[in-house]
Every structure is written in C-alpha cells, then in structure tokens.
1. From the alpha carbon gyration tensor of the stretch 173-242, can you work out the equivalent ellipsoid semi-axes (sqrt of 5 times each eigenvalue) and give them in Å, largest to smallest?
2. Between the stretch 488-554 and the stretch 165-227, how far is it from one alpha carbon centroid to the other, in angstrom?
3. For the stretch 54-157, which chymotrypsin sites (Phe, Trp or Tyr not before Pro) are in a loop by DSSP, counting at most 15 other Cβ atoms within 10 Å?
4. Which whole-Hz ³J(HN,Hα) couplings does the stretch 438-451 yield from phi under the Karplus relation 6.51 cos²θ - 1.76 cosθ + 1.60, θ = phi - 60°, glycine and proline marked x?
5. Within the stretch 170-192, what residues put their amide N at less than 15 Å from the label point 7 Å along the Cα-to-Cβ vector of residue 161?
6. Order the following by accessible area, largest value first: 555, 180. Probe radius 1.4 Å; ligands, DNA and RNA are ignored.
7. Angle between the Cα long axis of helix 385-405 and the longest principal axis of the chain, 0 to 90 degrees, nearest 10?
8. Run the numbers on the stretch 172-255 and let me know its relative contact order in percent, using alpha-carbon pairs under 8 Å that are six or more apart.
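The values are calculated or read from the model by the stated rules, or taken from the named source; none is laboratory data. Everything numeric in this text was worked out from a predicted model, so none of it was measured. Because the Cβ atoms are built from the backbone with ideal geometry, glycine has one as well, and the counts that use them run over all protein chains shown. Surface areas here come from the heavy atoms of the whole protein model, side chains and all, with no ligands, DNA or RNA. Shrake-Rupley method; radii C 1.70, N 1.55, O 1.52, S 1.80 Å.
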Amino acid sequence: MSFRHGLRLLYSQLSVFSRELNRPWCRYISSSLALSSEKRATDFNSLVARTNTCGELRSAHVGQEVTLCGWIQYQRQGLFLVLRDFQGLTQIIIPQDEAHSHVKKVLYDAPVESVVRVTGTVTSRPPGQKNPRMPTGDIEVKVKTAEVLNSCKKLPFEIKDFIKKSEALRMQYRYLDLRSFQMQHNLRLRSQMVMKMREYLCNLHGFVDVETPTLFKRTPGGAKEFVVPSREPGKFYCLPQSPQQFKQLLMIGGLDRYFQVARCYRDEGSKPDRQPEFTQIIDVSDVFRSVEIGFVQNAVNKPQGTVKAICIPQGARHLQNKDFEALKESAKSQFNQEVLHLILKPDESLKSPLSKFLSEEQQSELIQALKVQADDVVLLAAGEHEKVCLVLGNMRLESANLLELRGLVLRDPTAFHFLWVVDFPLFLHKEENPAELESAHHPFTAPHPSDTSLLYSEPAKIRSQHYDLVLNGSEIGGGSIRIHNAEQQRFVLETVLKEDPELLSHLLEALKCGAPPHGGIALGLDRLICLVAGAPSIRDVIAFPKSFKGRDLMSNAPDYITPEELEPYHIQVAWPAAEAEANKN
C-alpha cells in the first residue's frame, strides 16, 4: 500500500467515525486532512524507498520497473543474488555487461545480510528455471541500479531456519533471530490472533477492553511478585502477577464484560510449557496394602499416601533397560521419588524386581486393574498423593518423548484437543507445614455451592468453583467464580489462610458496595500461540523473551545500579561477604 493510498484510507475512516460520533475533535481532524492530504501525500511518498516487497512480485508484474529493498540472503558467483524482506524472497539478476560494471561490483562485494536497494525490470524466468517452491519463483528482477544501504559484518550465525543455533545464542542476538522466517511467521500469527480475539469480543459480544495499572501493591497468595522501589522511604510498588483484583473491581463497577491483553509479572523462571497428554494414571493402592515392601507400606499407611501406576502400551518393544534407568534417575533427581517398572511378558507373567513380593493372585489383580497387555510397561510410584501424581505425570511425558524418538507417532501437532478440568480443591495443605492451608488457585475463588457449609468446619474438604482449560495436555487458561461477599472473603483471608485482611482493604470495601456475583477466565496467550504455531517453547512466540533464569541475554539485564542511583529510593544493597570483598577490590 502506498502512503497516498494509506492516507486516503485513514481519511475515509476518520470521516466515517466523525459522522457516527459527531465529536468536534474528529471533525477537526477530518477537515484538516481534507485540506492538506494532497500536498502532504506527495511529501510522504518521497520518503518511500521501495515500490514493492520481496514477496509480492508475480508474472502479472512482468515488464514493470520496480525498486526493492532487503537483506542479501545469498549471492552466487556474481551472477545473481536472492533478496529477502519480511514478506519473502526475490531472485535478482546481476548485470554482466560493461555498462553496468559498477552495479555488478556493488552487489558482488556486498556481504551476505547487507541491506541493499535495487531498481530493475521484472522478467519471466527462462524455461526450466522456474522455482515452484518460491511464491516469486516465476519471475526475477534484472538490475539497473543498486545501492548498499548498510554493509553487514560477519554474523554469529546464519539467518536460515535450517541452521541449528543454541537458544542462548538466539536470545543474545534476538534482533538477528527475528529476521528468520519462522520468527516472522510466529509473531505475525500472534498479531493476527490477538486482532481476531479483539474483534470477536468487542464487535460480537459487547466486551470492553480496559487497561489496568502496572504499578500496584503487594497482595497475598499466588506467584511471587516483583517489587518496584518508590521515592517514599520504605515503600514499594509491586508489579501485578495478574490483573486479578482489577477484574473484580471492574465487574463491581458495572463493566460485566471486560477483557484486556495484559502483562503478568511473576518472579519465577520460565519454562517451555509443552505438556501433551499420553495416558492415564491409575490408583493401585488396594493391590499393595498387604505387600511386604517397606516404602510401599510407608506410603499406603499415611493419610495422604497412595500407590499409582501408568501403563505404556507396547513399551517393552521400543524401550530398553537404559531408558528405564533414565526415567528412574529423572524421577529421583527432580522429585526425590522412587519409580519402579514392570513388564507383562507374553506368558502373562510380570518381569520386575517386585514380582517376588507379589503372590499370583496379587499379580493377576494388578494386571486386571491396569488392563495391561503383553509387552506393556507399567511405571509405579508410592508416596504422598500429590507428589506421586506429579512424578508420574512427568514420567508419562518423558516416556512419550522416548517412544517418539524410536519412531512412534503419538501426538499429532496439527490436531487440537480441548479439555475442561473442574472440581479442584479450594485449599491445599502447605508442604512446609501441613497443619496450615493455602489457596489452591487464589484467595478470591468462591467455594462450590454444595460445599459452602464446610468452610466453617472442614475447609480442607471444600471443592472450588475453579476451572482450567487444557489444549493438547497444556494448560492454556484458568479462571474461577469469585467470592462476592465481603464477610466470606474476610473469613477466608483472616481465619483460613492466616493472611492480614488489611492488605486487601480496598477490595473488601468494594465487596460491601453491592458487588454482584462475578467470575472470569484468563487465557495464557503465549502458551496458546505456541501450540497453534507448533513452536517448542513460548520463547519462540515472544519478540524479546527472558531466559530460563529470567535474564535478558541481549542487554544483560538485570544489571547493577550504583549507590548514587539507589539513594533517591532509600535503598542500600546488602552484599554477601564474598561479593562485598570482590566489589571492594
């Protein structure tokens, strides 16, 4: 689109808006544009460096003179080069005649990834030389003039998708990685998806897009928050881990259909967040209650103890002893949890170190409970319920990865399978102090209507009105119906969670002012786009992501601040002894 065309389009849109809204400022802008559009369009057009992009020329353009700008993808023997921009590739024919020797030298000497501008004529490629794999493969541009706009030094890696690069190197030179077709595709897909979401919510369902503050105050529960110093001694802002309370306050204020594409700040390491489903987890505690194995008996005799297993169909045909050892080592190192494996042999006997502890009746009962077939592998863990589920969930994914490395196709990345998860517990026992409770979701989640009476007697048994949305095994969203009664919210904070309710006095006051029942859901946009794009990590759909440890490898943030810069914030850094000595030297 030319600048003139774009200006006319903008003017026409503003004219429509002015008629609809009848606002003085809109009328002023429309009339100003009407008076000066012709004069200014000419000025704007003089700044345009190209007539076309490198991805749009086709046979219909043959015979036209065009100007293209882009990076040199590669150059071959001074005969031709391929020019690349955000939209695609175009083959450029370098002139060989003496009259254009200067043009030939300019393009021949320009290093790969230099930015050049060329002007020439679009021609059809000779018979037999068309490239059906390129959208522009039917044409080429014969150059008349060329200019190097910026030469390129030797880069740390080639800008080609098939070139393997470490993630750390990609993040350190993110501005180069963004040039790749894959990153261009991912970010443009992200933009299109966000636009469709906005159109769907606003135009079809009457939602209101509201931006909530980035600087807030510390709130109890949930993920760790980043703190931001203020110039008032001892006082800090917090970056909201999510706009949770603002959602409620907006609904209390009558904006019952509100959304925003919000930044959420959490002081945690990042992770790929790829969790595809593999198979079910099955409880086999009853089978092992009378089995004389120490760690199993310790598990089943505890209140929260359990024995669970997952089945890997036909796993024995593809997995080897070294794979089982790797799975066990992973469970031990990550979760400090023992995992055992069993194999059902073709004669329907179990091959396992556990076999000698199991009677024939118990073996038969176990086989029946797991519904295993010959050559199936069973992974078994005993311990506290939540920990066992966590470790077996991880083993399920690692097993799937191993099987796919052996050539099995278990997960189709092009198929989307959605699942709602409901009936979560409202509270969980704290790992460091099981006598105390913490919110399973967050302290604003309402109890299940059928369980409300238990809030004042047995809060650990209450189900919550919390729901998660799962896509291909990865949680992409979650939400809940909120507590809308101030006294109930105060009781949860003060009595159940032992939190200071004064930290949320603004919310408690708002709930007293005729707050309607309300709820919502937050979708993890990065995770969703990661799955749609088929990317291995959410970092591949974020323009400038942080590393696993939360560092910006490109700018080396976070970085040190001098004592002089900290002084207005009334902060001093308490250095560990070794670092203090090093800084002194």
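1. 33, 23, 10
2. Using only Cα atoms to place each centre, the spacing works out to 14 Å.
3. On the way: sites: 71, 74, 80, 86, 108, 157; in loops: 86, 157.
Here the sparse-neighbourhood loop sites are 86, 157.
4. 3J(HN,Hα) across the stretch 438-451, in whole Hz: 9, 5, 6, 10, 7, x, 9, 6, 7, x, 4, x, 6, 10.
5. 177-190
6. Details: 555 70, 180 10 Å².
Ranked list, largest accessible area first: 555, 180.
7. 50
8. Working: 49 pairs, mean separation 16.2, N = 84.
19 percent.
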